[in-house]
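Trainee: This is the structure I want to talk about, given as structure tokens.
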Amino acid sequence: MASAVQKASHEAYKNLFEVPLTKNDTVPYPIALKYKACVVKLLPASEGTGLKAGSSIRSVLELAGYSNILSKMVGSNNKLNNALATIRALSAYKHADYFSSLKGGKSEETLAVNEKKNSEGETSVEAVKAESASKKASTKKSTKVAKEELSSEENSSEKKAPVKKAAPKKTAKKED
């Protein structure tokens, strides 16, 4: 019996993931996720709202550490599938690093690593910024070249589509 518990604990540790918590102990943005026949919607809530969730969704959110959240389950009342849908919805959240990389900004951790390398004499923050600026400039040039190539291909192989002729109108014969 003890070995079964040990195996289950080991499997659980392998499947751990971080969930994003805001200052209000809620989710950062609304999300809806479908798992089998269940659709789970998780919505951020203001301070003092409490945990508005039913069934197994409440249990999962409590264990994850949320205290202010709105949720809705649609589709199925199957408790296991609703719990799995909630877990998948929580794991589908993107973290702040993902959004900072989309904006092109640098996260605090990246800047700290670059400053640490600078103290070791390898690279500096300014060198990294200059390198990123040169990469941006080269990508702009390559997109301009690609656009010019496409426009030259369009001009050289410019063929007009055949014009469709209108069908002849039928005239009704008058019987006297």
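What follows draws every value from the coordinates through simple rules; no lab data is involved. On a predicted model such as this, the values are computed, not experimentally measured, just so you know. Quick reminder, even Gly has a Cβ in these numbers, built from the backbone with ideal geometry, and neighbours come from all protein chains shown.
Trainee: How many residues are crowded, with 18+ Cβ neighbours inside 10 Å and among the aromatic types (Phe, Trp, Tyr) if we restrict to segment 25-38?
Mentor: The number of residues fulfilling the criteria is 1.
Trainee: Still on this structure, I have one more. Is there any pair with a first residue in segment 47-72 that is within 20 Å of LYS23 (Cβ to Cβ) and a second that is surrounded by 13 or more Cβ atoms within 10 Å (Cβ to Cβ) and of a type in the set (Lys, Arg) whose Cβ atoms are under 6 Å apart and which are 6 or more apart or on different chains, and what are they?
Mentor: LEU70/LYS52
Trainee: Going through segment 61-103 one residue at a time, which ones are under 17 Å from PRO28 (Cα atoms) and charged (D, E, K, R)?
Mentor: Matches in segment 61-103: GLU62, LYS72, ARG88, LYS94, ASP97.
Trainee: Of everything in segment 1-50, what is of a type outside the set (Ser, Thr, Tyr) and in contact with a Lys or Arg (Cβ under 6 Å, 6 or more places away or on another chain)? Give them in sequence order.
Mentor: Matches in segment 1-50: ALA32, LEU33, LYS41.
Trainee: I'm trying to understand the selection: among the residues of segment 1-38, which are hydrophobic (A, V, I, L, M, F, W, C) and assigned to a helix (DSSP H, G or I)?
Mentor: ALA2, ALA4, VAL5, ALA8, ALA12
Yes/no per residue for (1) under 20 Å from the mean Cα position of the chain (by Cα); (2) surrounded by fewer than 17 Cβ atoms within 10 Å (Cβ to Cβ); (3) assigned to a loop (DSSP other than H, G, I, E, B); (4) of a type in the set (A, V, I, L, M, F, W, C):
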| residue | (1), (2), (3), (4) |
| --- | --- |
| VAL40 | yes, no, no, yes |
| SER46 | no, yes, yes, no |
| SER56 | no, no, no, no |
| VAL60 | no, no, no, yes |
| LEU63 | no, yes, no, yes |
| SER71 | yes, no, no, no |
| LEU80 | no, yes, no, yes |
| LEU84 | yes, no, no, yes |
| LEU90 | yes, no, no, yes |
